[in-house]
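Report on the structure given below.
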Amino acid sequence: MARTRVYRNGVLEAEDFPVEQVSDYLEDPSTVVWVDVCEPDADDIAAIAEELQLHTLAVEDAVAEHQRPKLDRYRTHLFATGYAVRLDPKSGRLAQAEVDAFITKQALVTVRKSESFPIEDVVARWDASPDLAKHGTEFLLYGLLDVIVDTHFTAVESLDDEIEGLEDMLFDEKPHNQEVQRRSFELRKSLVLLRRVVLPMREVVNALMRRDLGVIDEGMMPYYQDVYDHVLRATEWTESLRDLVTTILETNMTIRGNRLNSIMKKVTSWAAIIAVPTAITGFYGQNVPYPGFGHVAGFWMSTALIVGISTILYIVFRLQDWL
């Protein structure tokens, strides 16, 4: 079921009226209408398109899924696509919620592809700034974009916290090689998805702010500039986190190599120590006469050599930090 609102002269006048009444409200140039539909079928979109005279290509994009974030211009309206995102801290996976918007002089139509899009946050953002409602659809579009970009920023902050935890695991005395590898892969995949969403959003907001197009008036321009600054910060932060995850993976491989070298040194040192009694007992085990052969003194001599040489090797390796 569609949600609807109408503002008259910047004041909220009515809510949840039938979509068929939209064209009646729009006959008054002082009114601005918002229509929201969730998971609509072709008939739902067609009804709205008939009320607002929307372009066929824009309607097709609204029905199709997995559109790239973009802003298209048509003769009578604009069509925008964006994504709200949310990071699952346990799995490290990024969830996306697509929303499309038709923007006319007197109407904003939002088309949500799933219930996961935070439309209540958008409505709350509008209700928190009733003094801006006089700017019409520019105000409604600002609230929508601000919520979308806030989800980007929140996701980037969450990813930053997860990567910090990854760094702690990386330098923990107890190795977490498999966990670090798996977590790094999940976070890097989420960053790639987030980058696909955030980077085009910069182009969308920038296009709306172009003064030669005249889409945004001077009264709302500072608010759109604030959204654009948040988009830039989220974009730069995303890029830096991608580099940081790559660095963590490389550092993890280096640490594993260093630990392997340390283990090899210890194993080699103990092998050298163990080789001493093996060599001496093997020498004294020859079936030929040798100094001390057939005497108790020969046994004590070999024992003394084993203990002495092994002790010397142990001390030398400890001083070299091999043991």
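Miscellaneous remarks
- Separation between Cα centres of the stretch 202-217 and the stretch 26-71, rounded to whole Å: 21 Å
- Ignoring lysines fewer than eight residues from Lys265 along the same chain, the ones with Cα atoms less than 29 angstrom from its Cα are Lys174.
- DSSP-loop trypsin sites (Lys or Arg not before Pro) across the stretch 95-186, with at most 14 other Cβ within 10 angstrom: Lys105
- The order of Thr281, Thr151, Thr31, going from fewest to most other C-beta atoms within 10 Å of their C-beta, is Thr281, Thr31, Thr151.
- The loop-placed GluC sites (Glu not before Pro) in the stretch 165-234, going by DSSP, that have at most 11 neighbouring Cβ atoms within 10 Å of their Cβ come out as Glu173, Glu218.
- Square roots of five times the Cα gyration tensor eigenvalues for the stretch 108-219, Å: 38, 15, 12
- Stretched out straight at 0.36 nm per residue, the stretch from Glu167 to Glu27 would grow longer than its current Cα-Cα span by 44.4 nm.
- A quarter of the convex hull surface defined by the alpha-carbon atoms of the stretch 189-260 gives 5.6 nm² as the mean projection.
- Cross-link pairs Lys189/Lys266; Lys90/Lys113; Lys70/Lys90; Lys105/Lys189; Lys90/Lys266 - those with Cα-Cα distance over 28 Å: Lys189/Lys266; Lys70/Lys90; Lys105/Lys189; Lys90/Lys266
- Annotation note: GluC sites (Glu not before Pro) in the stretch 13-83 located in DSSP loop regions with a Cβ neighbour count of at most 14 within 10 Å are Glu27, Glu65.
- Student exercise, the chain dipole from Lys, Arg, Asp, Glu Cβ charges, in Debye to nearest 20: 2740 debye
- Helix 137-170 and the longest principal axis of the Cα set of the chain meet at an angle near 10°.
- Simple rule: put +1 on each Lys or Arg Cβ and -1 on each Asp or Glu Cβ in the stretch 3-256, find the dipole, and look at Thr251, Tyr228, Leu78; the Cα lying farthest toward the positive end is Thr251.
- Ranked packing of 33-42, 157-166, most packed first, by mean Cβ within 10 Å: 33-42, 157-166
- Extension gain, Arg210-Ser240: 0.36 nm per intervening residue step, less the Cα-Cα distance, totals 8.0 nm.
- Dipole in debye (nearest 20) - the stretch 104-164, about Cα centre, beta carbon charges: Lys, Arg +1; Asp, Glu -1: 680 debye
- Each of Phe79, Phe102, Phe17, Phe185 was scored by other Cβ atoms within 10 Å of its Cβ. Listed from fewest to most, they are Phe185, Phe17, Phe79, Phe102.
- Dipole of the chain [Lys/Arg +1, Asp/Glu -1 at C-beta], most positive-end residue of Ile45, Pro69, Leu141: Pro69
Where a number appears in this text, it was derived from the coordinates with a stated rule and is not lab data. Owing to the predicted nature of the structure, the values given are computational and were not obtained by experimental measurement. With ideal geometry, Cβ positions are generated from the backbone for all residues, glycine too; neighbour counts draw on all protein chains shown.
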